[in-house]
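Every read-out reported here was derived from the displayed coordinates using simple, explicitly stated rules and does not represent laboratory data. Computed from a prediction, not measured in an experiment: that's the story for all the values here. Using ideal geometry, Cβ is built from the backbone for each residue, glycine included, and neighbour counts are taken over all protein chains shown.
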Amino acid sequence: MRVLLASPESKVWSSRKHIPLGLGYLAAVLREAGHEPMIYDAAVEDVPVTYYLDRAIEEGRPFGMVGITATTPLIEEAWEMALEVKKGYGVYTILGGPHLTIMPMETMQKKPWVDFVFRGEAEEGLVELVDALDAGRDYGGIPGLFFRHGEEIVPSHESPIIQDLDSLPFPAHDLFKIERYTNLQPLTDGLDPHARAYTILTSRGCPFQCTFCSKPVTGNTWRGRSVENVIAEWRWLVRDLGATEIGITDDIWNLKLDRAKAICRRLIEEDLNTVPWVTVHGMKVNFADLELFQLMKAAGCKRVGFGVESGDEWILRNVIRKGQTLEMVRQVFRDAKAAGLQTMGFFIFGMPYETEETMEKTIQLALELDPDLANFMLAAPFPGTEMYDLILREGKIFAQDWHDYAIHEEKARFVMPGYDPELVERKWREAYRRFYLYRPKRLLQKLTHKDLWLNLPETLRNAKRFFIGEKRRRTPETALSG
Ligand code: B12
Ligand code: SF4
């Protein structure tokens with residue numbers, strides 16, 4: 001069967017463009033099973049998904065199924081896309097990804113034009129479903145698959161996680177319009193018009209359980225690919241597909257320090273260290289030392305990111321439950337800088353129980369660590385997290401719809417007794433100003449960077465959003481539910 005795997009485009013925020021790797025894995029297993037997948041990522045396409053569906057009909061080889069991926073802030077676009085596809089073409093529609101793994105019934109109950117929902121990792125289940133549909137076989141009992149039987153919705157448990165990641169084929173990297181992506185930060189690293197930005201996943205899952213973190217698909221266990229398997233994919237990206245940048249997108253690629261070092265050593269031995277790479281989502285401060293950073297540098301790494309989150313030890317330990325201390329954070333920044341790596345810090349504003357004092361400590365810590373890039377985020381209570389349950393018990397979530405969960409929605413997202421959303425927004429904006437604007441040396445560095453001028457319209461839009469803000473209506477509502 002021809003299967004179109006699609007990722008919708010967000011209407012509410014602009015961000016770096018990374019390949020939707022989950023779709024790459026699904027395309028790879030479908031291809032291996034003899035089906036014909038295509039990947040459509042609305043974030044980088046110039047034409048609507050219907051263009052490809054029409055073209056396939058004209059060619060006499062129509063698609064039989066459209067599969068759409070969705071995180072929580074993208075679910076409404078995924079529903080719209082599925083509706084358009086169902087109405088216009090009558091093909092099977094299936095949705096999967098993080099939001100569907102948390103709330104599968106919401107879509108099944110409210111969106112009758114969605115035929116199937118998949119919960120969890122779908123490499124096995126999707127192939128079984130497409131095989132069954134092709135053969136006219138019964139598809140009941142596929143773990144993870146929700147479907148309708150007449151009026152009835154047939155639910156399923158989550159698909160079991162894949163234990164042996166080496167058994168999977170490499171993602172179908174060749175199906176992405178790769179020249180349209182970047183792992184780097186267009187505003188600071190520059191936009192290379194010839195970039196071929198691939199991402200790689202060396203492991204899945206994370207055993208930590210930070211209270212704000214929504215990781216429904218990969219879960220609380222950790223599975224690592226073998227070093228040789230990772231290197232083989234890296235070799236393919238560099239030697240055959242002409243990668244010019246690579247992003248590691250694991251939740252926690254350095255959980256096993258020795259394995260992380262071994263990957264770096266193999267990259268060096270194989271001369272694969274010529275292509276710059278970054279850790280897209282940060283690495284865990286608990287499992288790093290100077291030697292690792294030196295090896296990363298020698299292996300071609302350009303920048304490391306760390307989830308610092310808060311400058312307040314109490315918030316870090318009792319509210320976020322990050323499992324790390326401020327001293328560990330300070331040490332990794334010292335070591336990474338000493339190894340000659342650029343650094344990036346992720347900070348959160350407005351966790352439950354935050355006060356002016358705790359947020360001030362976060363700003364102070366950001367200034368002290370002085371990473372090359374600081375990313376200040378407003379806490380977002382994703383359904384399924386401990387933070388979400390806490391706020392439902394003790395406060396109220398402001399949310400008109402799931403779009404409000406996007407990072408760049410610059411509004412505090414909830415209220416609790418003793419918690420002042422306006423203060424949170426003020427401190428968050430202050431963090432950007434104090435970090436990026438009020439330090440003459442850093443400002444000069446930014447102003448003399450050519451890419452700031454090359455991307456002036458976007459720079460000005462972002463500057464307005466972060467430093468000035470926009471007047472917005474805030475309506476307290478109870479949480480959205482499925
Ligand atoms: C890389 C990444 C990004 C990249 C690229 C995203 C992209 N284009 O895919 C960037 C930096 C752009 C990004 C941005 C955001 N991200 Co992000 N991101 C990730 C990260 C670290 C890895 C994603 C990945 O490649 N996973 C590996 C693949 C194999 O897994 P997968 O995508 O889930 O796919 C599997 C299954 O879900 C399922 N599946 C997926 N799609 C489909 C479709 C069908 C039809 C079927 C049947 C099955 C299926 O099968 C796949 C194979 O097993 C995850 C963390 C994580 N561990 O997943 C967070 C994560 C997905 N992001 C998250 C969030 C919140 C965001 C943002 C919304 C942040 C924000 N608030 O603005 C934005 C939204 C961007 C978007 N396009 O949706 C959350 C999602 C939580 C949620 N409830 O939705 C996660 C889980 C991180 C976290 N722990 O909080 N992200
Ligand atoms: S924030 Fe990072 S360390 Fe914490 S649970 Fe999520 S992935 Fe793991």
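What the Cα atoms of segment 1-67 give is an Rg and a Dmax of 12.7, 37 Å. Overall, segment 182-468 carries a charge dipole of about 420 debye about its Cα centre when +1 sits on the Cβ of Lys and Arg and -1 on the Cβ of Asp and Glu, all other atoms neutral. Principal-axis analysis of the Cα atoms of the chain puts helix 257-269 at an angle of about 80° to the longest axis. Which stretch or stretches of segment 333-365 have amide N atoms under 16 Å from the point lying 7 Å from residue 416's Cα along the Cα→Cβ direction? Within reach of a label on residue 416: 348-359.
Between residue 152 and residue 177, the C-beta separation translates, for a Förster distance of 45 Å, into a calculated FRET efficiency of about 0.65.
What translational diffusion coefficient, in µm²/s and rounded to a whole number, does the Stokes-Einstein relation yield for the chain at 10 °C and a viscosity of 1.306 mPa s, taking the hydrodynamic radius as the Kirkwood radius over Cα pairs? Mind showing how you got there, number by number?
Details: Rh = 23.6 Å.
Stokes-Einstein gives a translational diffusion coefficient of 67 µm²/s.
Charge tally for residue 162 (other residues, Cβ to Cβ under 13 Å; Lys, Arg +1; Asp, Glu -1): -3.
Close amide-amide hydrogen proximity is noted between residue 310 and 348, each under 5 Å apart and 5 or more residues distant or on a separate chain (H modeled in the peptide plane; Pro and chain starts excluded).
Taking amide H as placed 1.01 Å from N in the peptide plane, the amide H of residue 154 sits under 5 Å from that of 147, 148, 149, each at least 5 places away or on another chain.
Give the angle, between 0 and 90 degrees and rounded to the nearest 10, that separates the Cα long axis of helix 421-432 from the longest principal axis of the Cα atoms of the chain. For 421-432 against the chain, the angle is about 70 degrees.
Counting 0.36 nm for each residue step from residue 45 to residue 441 and taking away their Cα separation leaves a gain of 138.7 nm.
Spatially, segment 374-409 and segment 79-138 are offset by 26 Å when compared through their Cα centroids.
Ranked by the mean number of other Cβ atoms within 10 Å per residue, highest first, peptides 38-47, 135-144 order as 38-47, 135-144.
With R₀ set to 51 Å, the beta-carbon distance separating residue 135 from residue 394 gives a calculated FRET efficiency near 0.45. Highest mean packing comes first when the peptides 202-212, 246-256, 96-106 are listed by Cβ atoms within 10 Å, giving 96-106, 246-256, 202-212.
In this structure, the pairs whose alpha-carbon distance is over 18 Å, taken from 297/441; 17/322; 177/215; 256/284; 17/297; 261/297, are 297/441; 17/322; 177/215; 17/297. Listed peptides 154-163, 234-243 appear in the order 234-243, 154-163 once ranked by packing, highest mean of other Cβ atoms within 10 Å at the front.
Taken about its Cα centre, segment 227-268 carries a charge dipole of roughly 260 debye when the Cβ of each Lys and Arg holds +1 and the Cβ of each Asp and Glu holds -1. Each distinct pair of alpha carbons in segment 182-468 adds a 1/r term; the inverse of their mean, the Kirkwood radius, is 20.0 Å.
Add -39500 (n - 2.57) for each DSSP H run of 4 or more in the chain, then divide by its residues: what number comes out at 222 nm, to the nearest 500 deg cm²/dmol?
-10000 deg cm²/dmol
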